[in-house]
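Colleague: After the structure tokens below, expect a handful of questions from me.
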Amino acid sequence: MKRFAYVDFALEAGLVQLNHPSYGLTSRHVLNAAESERYRIESDPTIHLGSELTDGLRSRTFRTAEMLGLDASRTTFCTNATSGAAALIGSLPLAAGDTVVILDAEYSSIIRAWATACQRASAHLVEVPVPLPLQSSDQLLTALNSAVPGSVTYMQLSVISSSAALRLPIEDIARWVRERGGQLILDAAHAPGHIPVAPDAWGAAAMFGTLHKWLPTLRPVGLLWLTGDLVDRIRPAEVSLTWDSPDLVERFSWPGTFDPVPRLTATSAIDQWEQWQDAGLLAECGRLADLGSELLTEIGAQPTASTELSAPRMRAFVLSGVTVAEIKAVLREAGIRAWVGPGPQGECLLRFATHIYNDQHDLEALAGRIKEALPR
């Protein structure tokens, strides 16, 4: 599939890119659509950023909701996952004595946002350690029961965790939250374009995320989905001109002057993604991820999750006997881009993801460099 690296993307020749989940990667098709959209806006910004903008964003929102299987009346774009989380955390009622539960495998800025909100409200934040490798839903539920003996107000949970690439057992955890009297808030930064999303079926109260990590959109494009009883409650973190609009899309359509082109060209990215899906290219990416997992496991890297709890096209491993700095230096020198960072308990984690421009040689190159770096 290497031919797609330069035909569909502007990747540097010879670079092994296995890290699109960190920042996304915009395709040439979308870059071209964006250039046309920018020229259109500049032809008459008073109209194109004024009276026409909300309707344009609404049509793109509806198309995105349709592609993801979401109720369009309860879905809106936002700036990014962080802004979506800020809107939720800042709008949800939180009082002294309330309990918020969060896993230590959650994205660090989201943990920090909940910690700040809990401190202001004198609420309790319970950060539950996730055992790595995570082998089963029961293992995680045991950890939750041990750490949280009483009721819960909210629980924050990633659909797929960022650094450890855990595909978390959402329905089981949602059931646990309901039994504790709480509501489940989902971080879907790594879901749209990667796995099907079904927040209603999962039993979630709200979901925030991004499109630009797994779809070839410009960055950033955030997404927010709400249950019916939250649609009128949730407000953007920025108090802007449309902050109190009764219309959800309009409410999030104007966070002050901003560049709407990433949102306006999201449908171009969806169209291209659907072509890749129909051609079987994304399924091939899944097979490459399986191959990469086999190669890394053979050299002693430890998967962070069982097969059941692994994401289809993003995998993570614990590397023993090496530091984050050492692995970063090795991969940078080799022209290999993968995410390397500390795990929840300070482990050295390596995460890779496969896209339509990757091939077997990329995974072999990654495994070869890691093998050389690990202690013998």
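The values are calculated or read from the model by the stated rules, or taken from the named source; none is laboratory data. Please read these numbers as outputs of a predicted model, since none were measured by experiment. When we count neighbours, we look across all protein chains shown, and the Cβ atoms used for this are built from the backbone with ideal geometry, even at glycine. For the accessible areas, the whole protein counts, side chains as well, though only heavy atoms, and no ligand, DNA or RNA atoms are used. Shrake-Rupley method; radii C 1.70, N 1.55, O 1.52, S 1.80 Å.
Colleague: Condition test on residue 105, is it open to solvent by less than 10 Å² (accessible area, probe 1.4 Å), closer than 19 Å to residue 182 by Cα and touching a residue at least 40 places away in the same chain (Cβ under 8 Å)?
Modeller: In short, no.
Colleague: Looking at residue 48, is it farther than 27 Å from residue 184 by Cβ and either in contact (Cβ under 8 Å) with a residue 60 or more places away in the chain or open to solvent by 70 Å² or more (accessible area, probe 1.4 Å) (or both)? Break it down into steps so the answer makes sense when it comes.
Modeller: On the way: farther than 27 Å from residue 184 by Cβ: yes; either in contact (Cβ under 8 Å) with a residue 60 or more places away in the chain or open to solvent by 70 Å² or more (accessible area, probe 1.4 Å) (or both): no.
Considered against the rule, which asks whether it is farther than 27 Å from residue 184 by Cβ and either in contact (Cβ under 8 Å) with a residue 60 or more places away in the chain or open to solvent by 70 Å² or more (accessible area, probe 1.4 Å) (or both), residue 48 comes out as no.
Colleague: Follow-up question, since we're still on this one. Kindly check whether there is at least one residue in segment 120-129 that is within 23 Å of the chain's Cα centre (by Cα) and crowded, with 22+ Cβ neighbours inside 10 Å.
Modeller: Here is the first cut: in segment 120-129, the residues within 23 Å of the chain's Cα centre (by Cα) are 125-129.
Filter once more, keeping what is crowded, with 22+ Cβ neighbours inside 10 Å: none.
Checked segment 120-129: no residue is within 23 Å of the chain's Cα centre (by Cα) and crowded, with 22+ Cβ neighbours inside 10 Å.
Colleague: Scan segment 136-188 for residues that are under 16 Å from residue 100 (Cβ atoms) and open to solvent by 20 Å² or more (accessible area, probe 1.4 Å) and jot them down.
Modeller: 147, 149, 150, 151, 153, 178, 180, 181, 183
Colleague: Among residues belonging to segment 254-269 that are in a loop (DSSP other than H, G, I, E, B) and either among the hydrophobic types (A, V, I, L, M, F, W, C) or at pLDDT 95 or above (or both), point out the one that is nearest to residue 235 (Cα to Cα).
Modeller: The selected residue is 254.
Each row is one residue, and each column tells you yes or no for (1) charged (D, E, K, R); (2) part of a strand (DSSP E or B); (3) surrounded by 19 or more Cβ atoms within 10 Å (Cβ to Cβ).
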site	(1), (2), (3)
288	no, no, yes
292	no, no, yes
317	no, yes, yes
333	yes, no, no
350	no, yes, yes
365	no, no, no
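Colleague: Scan segment 216-243 for residues that are closer than 14 Å to residue 254 by Cβ and surrounded by fewer than 19 Cβ atoms within 10 Å (Cβ to Cβ) and jot them down.
Modeller: Within segment 216-243, 235, 238, 239, 240, 241, 242, 243 meet the criteria.
Colleague: I'd like to check something: does segment 319-328 contain any residue that is open to solvent by less than 20 Å² (accessible area, probe 1.4 Å) and assigned to a helix (DSSP H, G or I)?
Modeller: Yes, the conditions are met somewhere in segment 319-328.
Colleague: If you don't mind, another one. Residue check: is residue 98 surrounded by fewer than 19 Cβ atoms within 10 Å (Cβ to Cβ), among the charged types (D, E, K, R) and more than 16 Å from the chain's Cα centre (by Cα)?
Modeller: Criteria not met by residue 98.
Colleague: Out of 172, 200, I need the residue that is over 23 Å from residue 262 (Cα atoms), under 19 Å from the mean Cα position of the chain (by Cα), touching a residue at least 12 places away in the same chain (Cβ under 8 Å) and not in a strand (DSSP E or B). Which one?
Modeller: Of 172, 200, the one residue that is over 23 Å from residue 262 (Cα atoms), under 19 Å from the mean Cα position of the chain (by Cα), touching a residue at least 12 places away in the same chain (Cβ under 8 Å) and not in a strand (DSSP E or B) is 200.
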